[in-house]
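Colleague: My questions will all concern the structure given below.
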Amino acid sequence: MSRYRIAVLAGDFIGPEVTAATLDVLNALASGQAWSFDFHEVPFGGHAIDEHGVPFPDVTKAEAHAADAVLLGSVGGPQDHAWNRLPREQRVESGLLALRAELGTYANLRPVKVFEGLEGLSPLKTEVARGTDMLIVRELTGGIYFGKPSDATAETGRSTMVYERHEVERIARTAFETARLRRGHVTNVDKANVLDVSQFWRDVVVGIRDTEFSDVTLEHLYVDNAAMQVVSQPTSFDVVVTGNLFGDILSDLAAVIPGSLGVLPSASVGGTTGLFEPVHGSAPDIAGQDAANPVGMMLSAAMMLRYGLNEVEAADRLEAAVTAAMGEDATRDLGGSRGTAAFTRAVIDHLAP
Ligand code: NAD
Ligand code: IPM
Ligand code: MN
């Protein structure tokens, strides 16, 4: 019997809530299978700062490397929290960037899908939302999040957006390879009309397409126009490839299409161990109220099964159970009436044979 060792980083505020819900669902999914999960919970984020003085302790680093996959809730505090007044390198968000860098997960796959029958949950017109199925491929370990110099004095603040050729080539390959498994179309999003780094990025993407992926179609959009088109014509997108900062912003915007930031999952791959985390943050405004939508986390777990553990059939079963539960009655952020616990029970009921 194979046992999958999963590093569980529950995080802060709603992080532990959606994590507990997801672990319950994963345990139900594993029952009767030829494999099982071995969950190892380790400190990360704001809790780790309070208990260990740092957001990404060594014990967590060691467990992330020992595990078959890392499952992360969400970390961070409200705007006025003391965690946000620490020096930059000691903050929660720096711990998250350090985790991604440590694992080398340069490709962040953020699918945005409107499931058949659930178009009504979108605030967009049903005919606009219907059929949306895009994959945002966000570069995750480079760009302005990591570029040097980056500092601030009393008079000047600066961050640097820098991309090396090999970083753009590998994320472009990820986008073209995934497009081949989908509808064969890639939209590159950049700001090449203004930024030298974006013109460089675009030229490298075009080079990879022309030399290795001439069967895939490629178009380009400037990020401002892309933001408008993502919500006005979402079905015109298949794979979107973009840098770290633009991908962060566009993916929260794209959450409007299915109806809530709480439903978007992600997989961060390309490194030593896969990292699976919802797109949303720790939502301090709704923590402790049984109001967190666990769907983004549950679908991240499905991505872990599919891409991290190669348990494709289990991933299909989990996604089907989540969409069936949403079809009956969703959580309140989507206009439904269920709390986190009731929604989780419904998913588990749908998993029963
Ligand atoms: P957020 O994503 O936490 O919340 C934005 C809005 O969406 C809030 O109104 C929230 O209630 C709602 N929301 C988010 N997830 C939801 C869910 N599952 N169910 C229902 N509603 C949900 O963004 P923020 O408030 O800007 O950030 C809060 C903290 O989270 C910050 O410290 C930020 O840095 C951090 N953050 C962490 C991650 C991560 O751990 N991967 C991702 C994004 C933000
Ligand atoms: C995300 C988050 C993170 C990011 C923050 C919390 C560092 O917004 O995963 O989208 O900007 O990458
Ligand atoms: Mn974000």
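The values are calculated or read from the model by the stated rules, or taken from the named source; none is laboratory data. All figures in this text were calculated on a predicted structure; none of them were measured in a lab. When we count neighbours, we look across all protein chains shown, and the Cβ atoms used for this are built from the backbone with ideal geometry, even at glycine. Keep in mind that these areas ignore ligands, DNA and RNA; they rest on the heavy atoms of the full protein, side chains included. Shrake-Rupley method; radii C 1.70, N 1.55, O 1.52, S 1.80 Å.
Colleague: Set the Förster distance to 30 Å, then compute FRET efficiency between K148 and R180 from the Cβ-Cβ distance, nearest 0.05. Each step should come with its number before you reach the end.
Modeller: Numbers: r = 35 Å, r/R0 = 1.17.
E(calc), rounded to 0.05, equals 0.30.
Colleague: Put D316, D215 in order of accessible area, largest first, 1.4 Å probe: what do you get?
Modeller: Details: D316 75, D215 95 Å².
The most accessible residue leads, giving D215, D316.
Colleague: Given the rule -39500 (n - 2.57) for each run of at least 4 DSSP H residues, summed and divided by the residues of the chain, what is its mean residue ellipticity at 222 nm, to the nearest 500 deg cm²/dmol?
Modeller: Values: 12 runs with 141 residues, N = 353.
Theoretical 222 nm ellipticity from helices: -12500 deg cm²/dmol.
Colleague: Related question: How big is the gap, in Å, between the Cα center of region 171-212 and the Cα center of region 284-353?
Modeller: Measuring centre to centre over Cα atoms gives 33 Å.
Colleague: Any chance you could tell me what percent of the C-alpha pair distances in region 133-256 go past 19 Å?
Modeller: On the way: 3534 of 7626 pairs.
Percent of Cα pairs beyond 19 Å in region 133-256: 46.
Colleague: For a test of the definition: using alpha carbon positions, the gyration tensor, and the 1.5 limit on a/c, classify the chain as rounded, prolate or oblate.
Modeller: rounded
Colleague: Within region 133-256, what percent of beta bridges assigned by DSSP are antiparallel, to the nearest 5?
Modeller: Details: 2 of 16 bridges.
In region 133-256, DSSP labels about 10 percent of beta bridges as antiparallel.
Colleague: Given points 7 Å out from each Cα along the Cα-Cβ axis, report the D80 to E93 separation in nanometres with one decimal.
Modeller: 1.9
Colleague: Give me the accessible area per residue for region 133-256, probe 1.4 Å, as a whole number in Å².
Modeller: Working: 5640 Å² over 124 residues.
Accessible area per residue: 45 Å².
Colleague: Further question on the same structure: For K148, list the lysines whose Cα falls under 21 Å from its own Cα; do not include residues on the same chain fewer than 8 positions away.
Modeller: The qualifying lysines are K191.
Colleague: If one computes the Cα centroid of region 259-277 and of region 107-144, what distance in Å separates the two points?
Modeller: 13
Colleague: Using a 1.4 angstrom probe on heavy atoms only, work out the carbon and sulfur share of the accessible area of the chain in %. Write out the running numbers ahead of the final one.
Modeller: Values: 7480 of 14790 Å².
After summing per-atom areas, the C and S share lands at 51 percent.
Colleague: For M134, what accessible area in Å² do you get when you roll a 1.4 Å probe over the heavy atoms of the protein chains, rounding to the nearest 10?
Modeller: Approximately 0 Å² of M134 is accessible to the 1.4 Å probe.
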